[in-house]
Amino acid sequence: MAKLTEELILGALRNVREPELHKDLVTLNMIRDLKIKNDEAVAFAVVLTTPACPLTAQIEQNCRDVLAQIGVKQVEIEWRSEVPPDQRILDQLPVTFHNTIAISSGKGGVGKSTVAANLAVALAQLGAGVGLLDADIYGPNIPLMMGVDKLPKVPGDKITPALAYGVRLMSMAFVVDPDQPIIWRGPMIHSAIRQFLTDVDWGQLDYLVIDLPPGTGDAQLTLAQSVPLTGAVIVTTPQEVALADALKGLRMFEKLEVPILGIVENMGPYTDPKTGQKISFFGEGGGKRMADRLKVPFLGSVPLDPNVREGGDAGRPIVAHQADAAAAIALNQIARQVAARISVLNLEE
Ligand SMILES: Nc1ncnc2c1ncn2[C@@H]1O[C@H](COP(=O)(O)OP(=O)(O)OP(=O)(O)O)[C@@H](O)[C@H]1O
Ligand SMILES: [Mg+2]
């Protein structure tokens with residue numbers, strides 16, 4: 001075997017592709033701090049485009065394989081991440097969040113807020129900087145789901161968001177009196193949403209997850225006009241009735257030129273862990289069929305699980321409190337998919 005050199009090692013690593021980005025790790029500048037310890041041992045850092053990278057294990061195995069071919073027996077990898085920002089946001093607004101993810105649905109009650117809260121917590125648990133903006137002016141229930149009831153009192157020019165499960169949180173519920181009917185008119189929605197984006201001290205965020213009210217109304221339009229949306233996630237239940245509504249939402253985002261990150265099927269088939277019995281309360285496979293029909297990615301199906309609802313009501317998101325439940329596993333995988341798609345979008349531009 002030839003003596004190990006940096007050139008030789010990088011040459012070998014050029015054969016490892018980032019599976020989502022379809023380029024090799026060296027070209028993508030993902031290999032840093034390479035150290036040759038001796039003729040058989042190397043160490044380096046791999047800088048991923050998201051801490052929620054779904055394919056770390058595969059990348060690691062591929063690195064080990066190509067390095068073994070040039071005689072490296074010991075490989076030490078340190079994982080780091082730098083989430084690429086959505087350049088349109090940085091160009092347009094003086095804000096510290098780098099990507100925005102709108103969670104939307106055509107129909108109410110399909111689990112948007114549940115998906116938004118769990119997605120945010122999942123991304124934060126993976127090590128990303130995450131904010132959650134509850135922009136549902138009609139029924140802001142993210143604080144309940146995250147177990148927070150008010151903003152912290154911090155003096156300053158900007159509003160300090162609440163913090164729960166590592167996620168910075170701001171909600172319409174914090175600023176409207178719950179006993180008053182909310183008669184918001186277009187301009188009021190507009191200024192409230194703008195303020196939430198620019199007057200809240202979000203800190204450095206990789207992802208700002210935004211929970212929207214159902215439908216294709218003012219809030220959606222205002223939001224899309226106030227801040228570039230990196231992408232939208234459409235939540236649907238498996239039945240066809242809900243699909244028709246989700247379709248409407250999807251068309252709206254297309255019109256607003258917001259990329260669709262994919263479709264999440266919520267309240268999908270649930271398998272009872274004790275009996276093994278499968279229950280498809282709202283049918284099966286509708287989310288996947290819709291994604292196929294519309295040629296957008298299918299991000300996964302979250303089972304209808306009583307623990308999801310109980311966790312939501314108790315302010316204990318399932319991904320934080322019951323990570324081994326099928327619903328939590330599905331939500332974690334969806335979070336990784338979403339993060340990966342955002343990296344691809346930002347690096348393609
Ligand atoms: N996968 C699931 N399994 C069991 N219950 C769920 C699931 N997803 C959501 N729920 C429950 O269904 C109800 C509606 O969910 P959620 O509030 O998230 O929907 P939404 O789409 O945000 O509704 P709205 O349109 O009112 O904003 C909640 O009680 C929630 O806990
Ligand atoms: Mg909701």
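No value in this document is a laboratory result; all are computed from the given coordinates. These figures come from a predicted structure and were not determined experimentally. Using ideal geometry, Cβ is built from the backbone for each residue, glycine included, and neighbour counts are taken over all protein chains shown.
Listed values, structure above:
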{"item": "Amide H within-cut-off set for Met267, under 5 Å, with H built and near neighbours excluded", "result": "Val302, Leu304"}
{"item": "Nonlocal Lys pairs with alpha-carbon distance under 22 Å, segment 87-348 (8 or more apart, or different chains)", "result": "14"}
{"item": "DSSP beta bridge pairing in the chain, given as percent antiparallel to the nearest 5", "result": "25 percent"}
{"item": "Cα-centre dipole for the chain with unit charges at Cβ (Lys and Arg positive, Asp and Glu negative), debye to 20", "result": "360 debye"}
{"item": "Alpha carbon centroid spacing (whole Å) that separates segment 223-283 from segment 17-76", "result": "35 Å"}
{"item": "Separation in nanometres of the label points that stand 7 Å from Cα toward Cβ, at Thr271 and Trp79", "result": "2.5 nm"}
{"item": "Within a Gaussian network of the chain (alpha carbon springs, distance under 10 Å), most fluctuating of Gln204, Gln69, Gln195", "result": "Gln69"}
{"item": "Stretch gain in nm, segment Asp149-Ala57, where the contour uses 0.36 nm per residue and the Cα spacing is subtracted", "result": "29.2 nm"}
{"item": "Segment Gln69-Lys288, length gained on full extension (0.36 nm per residue, minus Cα span)", "result": "74.8 nm"}
{"item": "Cα Rg, Dmax, the chain, angstrom units", "result": "21.7, 77"}
{"item": "Sequence-distant residues sharing a close amide H with Leu48 (under 5 Å, placed H)", "result": "Arg80, Ser81, Glu82"}
{"item": "Sum of -39500 (n - 2.57) over DSSP H runs of 4+, divided by residues of the chain (222 nm, nearest 500)", "result": "-11000 deg cm²/dmol"}
{"item": "Met252, Met170 arranged by Cβ crowding within 10 Å, fewest neighbours leading", "result": "Met252, Met170"}
{"item": "Computed over segment 6-81, the ratio Rg/Rh where both radii use C-alpha atoms and Rh is Kirkwood", "result": "0.93"}
